[in-house]
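Working notes, beginning with the structure itself.
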Amino acid sequence: MTPTRRTVLKAISLAPTAMAAHGMASAAAGDSSRLALVVGNNAYTSSPLDNAANDARAIAEVLQRAGFSVDLKLDTTRQTLIAAIDAFGKRVAGPDIELALFYYAGHGVQIDWRNYLLPVDVAVRLADDIKDQC
């Protein structure tokens with residue numbers, strides 16, 4: 001059975017309770033050794049989405065309750081998305097990081113076996129536009 005978004009969110013929402021039962025939960029304020037970057041893109045010029053930002057908020061809330069230090073980004077432009085990913089990558093490389101999680105909700109495409117995340121300001125006319133802008 002293929003899980004739906006709802007079943008995945010429900011399972012994830014139970015994670016803090018399960019972690020607490022096993023003594024694994026950190027302070028609700030966030031544990032600097034656990035980092036998460038959560039991105040939700042709805043506001044595409046063409047083909048906007050309805051639930052990506054809501055899903056990102058829900059995931060961010062669950063991760064915060066599980067003790068993660070969460071950076072939530074909504075409706076990211078290319079520049080904002082790249083800056084957030086770069087900053088996250090630098091933080092994750094730190095010696096005190098024990099666990100890192102990246103979550104993305106929004107449009108994505110695959111070209112020549114490579115996956116691309118689409119920022120909300122993308123303007124695609126040709127396949128090469130994806131490689132240049134995403």
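Quick notes on this structure:
This table checks each residue for (1) acidic (Asp, Glu); (2) over 13 Å from Val38 (Cα atoms); (3) modelled with pLDDT of 90 or more.
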{"site": "Tyr104", "(1), (2), (3)": "no, no, yes"}
{"site": "Gln110", "(1), (2), (3)": "no, yes, yes"}
{"site": "Arg114", "(1), (2), (3)": "no, yes, yes"}
{"site": "Asp129", "(1), (2), (3)": "yes, yes, no"}
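- First in the stretch 79-94 and closer than 19 Å to Leu117 by Cα, second anywhere and among the aromatic types (Phe, Trp, Tyr) and not in a helix (DSSP H, G or I), Cβ under 9 Å, 6 or more apart: Ile85/Phe102; Phe88/Phe102
- When the stretch 104-116 is limited to residues that are surrounded by fewer than 18 Cβ atoms within 10 Å (Cβ to Cβ) and in contact with a strand residue (DSSP E or B) (Cβ under 7 Å, 6 or more places away or on another chain), the one that is farthest from Tyr44 (Cα to Cα) turns out to be Asn115.
- Any hit, the stretch 68-78, residues being part of a helix (DSSP H, G or I), in contact (Cβ under 8 Å) with a residue 12 or more places away in the chain, farther than 18 Å from Tyr116 by Cα and open to solvent by less than 20 Å² (accessible area, probe 1.4 Å): no
- Scanning the stretch 39-51 for residues that are open to solvent by 40 Å² or more (accessible area, probe 1.4 Å) and in contact with a strand residue (DSSP E or B) (Cβ under 9 Å, 6 or more places away or on another chain), we see that the one that is farthest from Asp121 (Cα to Cα) is Asn51.
- Selected residue (criterion: surrounded by the most Cβ atoms within 10 Å (Cβ to Cβ)) from residues of the stretch 52-67 that are closer than 14 Å to Tyr103 by Cα and in contact with a helix residue (DSSP H, G or I) (Cβ under 8 Å, 6 or more places away or on another chain): Ile59
- Ile97 being open to solvent by less than 50 Å² (accessible area, probe 1.4 Å) and modelled with pLDDT under 90: no
The values are calculated or read from the model by the stated rules, or taken from the named source; none is laboratory data. Owing to the predicted nature of the structure, the values given are computational and were not obtained by experimental measurement. Virtual Cβ from ideal backbone geometry, glycine too; neighbours counted across all protein chains shown. The area values use the complete protein model at the heavy-atom level, side chains included, leaving out ligands, DNA and RNA. Shrake-Rupley method; radii C 1.70, N 1.55, O 1.52, S 1.80 Å.
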